[in-house]
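S.K.: Quick one: the structure is below, and I'll ask about it shortly.
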There are 2 protein chains.
Amino acid sequence: MSLKPQLSGRAVRVLVCTERKTFVTRELAETRVTFEGIEGDRHAGLTRSADVRTPWFPKGTPIRNTRQLSLVSSEELAEVAEALGIPKVLAAWLGANLELAGVPRLTHLPPGTRLFFPEDAVLAVEGENEPCRGPGRVIEAHHPDKEKLASRFVKAAWRRRGLVAWVERPGLIRAGDEVRVMVPRPVTYVLPGKPA
Amino acid sequence: MSLKPQLSGRAVRVLVCTERKTFVTRELAETRVTFEGIEGDRHAGLTRSADVRTPWFPKGTPIRNTRQLSLVSSEELAEVAEALGIPKVLAAWLGANLELAGVPRLTHLPPGTRLFFPEDAVLAVEGENEPCRGPGRVIEAHHPDKEKLASRFVKAAWRRRGLVAWVERPGLIRAGDEVRVMVPRPVTYVLPGKPA
């Protein structure tokens with residue numbers, strides 16, 4: 001009856017951004033996560049200010065922070081690169097904190113999915129991280145010979161830009177860690193008036 | 001592009017339990033919710049100890065508390081009562097904090113659903129609250145003439161016992177409040193090896 005992790009992957013990179021003026025992250029060998037998120041990271045905090053991601057709240061409203069970590073997939077980054085006609089898209093350029101490999105269609109993992117790391121840390125998926133224009137500008141800066149990379153990024157990264165998550169259990173995350181993925185039981189809610 | 005609430009219902013009852021020895025809740029006209037949950041309620045707290053609900057954690061491990069509030073549906077409680085052959089099942093007997101009416105199949109609302117109340121409070125659904133035996137014993141105590149209500153409760157309440165949720169935005173919740181329900185975009189994750 002009890003759920004168990006059904007998938008596994010690997011955390012190929014761990015990245016952090018401790019600055020305010022950029023979202024670009026830099027690689028570390030490991031990072032500690034607490035109930036606030038990644039220690040020192042710009043997205044850490046028990047709460048955050050509502051913004052364009054949550055337009056149903058007045059901008060600036062303090063809300064529980066469910067966007068403590070940003071996760072991307074090696075496979076999906078390769079798809080984004082192919083769509084843009086460039087060799088690679090780096091997790092750092094997207095401000096990601098974790099790059100996972102081996103989890104098919106990472107961006108499609110549903111809300112409530114849990115990610116278990118070997119040294120206690122557990123992350124809970126809030127949902128898809130919809131692409132915005134910022135990473136496109138970083139990519140463009142790295143490829144000045146290519147046209148319109150910034151404006152093409154959002155479309156190229158749609159449904160491939162990864163997830164946002166928060167810390168359910170504190171612990172340590174190391175580059176190279178195996179990650180076990182527990183997807184919740186599927187739930188289909190049919191809104192009244194809509195065909196099933 | 002932005003999500004909007006697609007459903008609405010009414011909070012017909014607000015209930016709280018401030019004691020340790022029972023889970024039975026008592027009705028109030030209103031309650032304040034903070035990032036810790038319902039002020040003074042036994043399930044409040046930024047964190048909780050992992051237990052039988054989360055068997056993938058060692059028992060007692062501190063984890064983020066996603067079970068701050070328990071929600072039930074008037075319609076589903078009526079179905080449970082019918083299945084048990086008794087006139088009513090009260091939200092208080094199930095230790096619920098909110099009884100909502102007018103939301104079809106409340107227990108099937110997916111993880112990540114948001115519930116918006118008129119005075120700022122917003123709850124985020126963690127998922128289904130699977131029935132355990134405790135409420136069955138309370139129901140049995142109220143109906144000593146009926147057989148085996150305690151042992152029949154779990155089956156009768158399966159998929160009807162409501163949801164657990166946590167506070168995304170603090171505020172006030174009053175009995176009688178309209179509740180707007182925002183269901184996330186449907187996501188289907190097909191596990192490798194399983195038919196779609």
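S.K.: Among the residues of the stretch B:34-51, count how many are among the hydrophobic types (A, V, I, L, M, F, W, C) and touching a residue at least 40 places away in the same chain (Cβ under 8 Å).
M.R.: Of the residues in that region, 2 qualify.
Residues are listed down the side, and each one gets a yes or a no for (1) crowded, with 19+ Cβ neighbours inside 10 Å; (2) modelled with pLDDT under 95; (3) in a loop (DSSP other than H, G, I, E, B):
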residue: A:ASP51; (1), (2), (3): no, no, yes
residue: A:THR54; (1), (2), (3): yes, no, yes
residue: A:GLY60; (1), (2), (3): no, no, yes
residue: A:THR66; (1), (2), (3): yes, no, yes
residue: A:VAL72; (1), (2), (3): yes, no, no
residue: A:GLU75; (1), (2), (3): no, no, no
residue: A:ALA78; (1), (2), (3): no, no, no
residue: A:ALA81; (1), (2), (3): no, no, no
residue: A:LYS88; (1), (2), (3): no, no, yes
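S.K.: Report the residue count in the stretch A:115-170 for those that are among the acidic types (Asp, Glu) and away from chain B (no Cβ under 14 Å). Quick ask: steps written out before the conclusion?
M.R.: Filtering the stretch A:115-170 down to residues among the acidic types (Asp, Glu) leaves A:119-120, A:126, A:128, A:130, A:140, A:145, A:147, A:168.
From the residues that got through so far, the ones that are away from chain B (no Cβ under 14 Å) too are A:140, A:145, A:147.
So the count comes out to 3.
S.K.: Which of the residues spanning the stretch B:171-195 are closer than 30 Å to B:THR34 by Cβ, more than 7 Å from every other protein chain (Cβ to nearest Cβ) and of a type in the set (Val, Ile, Thr)?
M.R.: B:ILE173, B:VAL179, B:VAL181
S.K.: Moving to a separate point now. Could you check the stretch B:87-109 and list, in sequence order, the residues that are among the β-branched types (Val, Ile, Thr), touching a helix residue (DSSP H, G or I) at 6+ places or on another chain (Cβ under 7 Å) and over 18 Å from B:THR25 (Cα atoms)?
M.R.: Scanning the stretch B:87-109 gives a single hit, B:THR107.
S.K.: In the stretch A:173-188, what count of residues is obtained for those that are among the hydroxyl-bearing types (Ser, Thr, Tyr) and buried (at least 19 other Cβ atoms within 10 Å of the Cβ)?
M.R.: 0
S.K.: Within the stretch B:51-70, work out how many residues are within 8 Å of chain A (Cβ to nearest Cβ) and in contact with a strand residue (DSSP E or B) (Cβ under 8 Å, 6 or more places away or on another chain).
M.R.: Going residue by residue through the stretch B:51-70, those that are within 8 Å of chain A (Cβ to nearest Cβ) are B:55-57, B:61-64, B:66.
Checking which are in contact with a strand residue (DSSP E or B) (Cβ under 8 Å, 6 or more places away or on another chain) leaves us with B:56-57, B:61-64, B:66.
Number satisfying all stated conditions: 7.
S.K.: Further, regarding this structure: How many of the residues in the stretch B:1-34 are within 14 Å of chain A (Cβ to nearest Cβ) and either closer than 17 Å to B:LEU98 by Cα or not in a loop (DSSP other than H, G, I, E, B) (or both)?
M.R.: Residues that pass the stated criteria total 5.
The values are calculated or read from the model by the stated rules, or taken from the named source; none is laboratory data. Predicted model only: the values in this text are computed from it and were never measured. Glycine also receives a Cβ, built like all others from the backbone with ideal geometry; neighbour counts cover every protein chain displayed.
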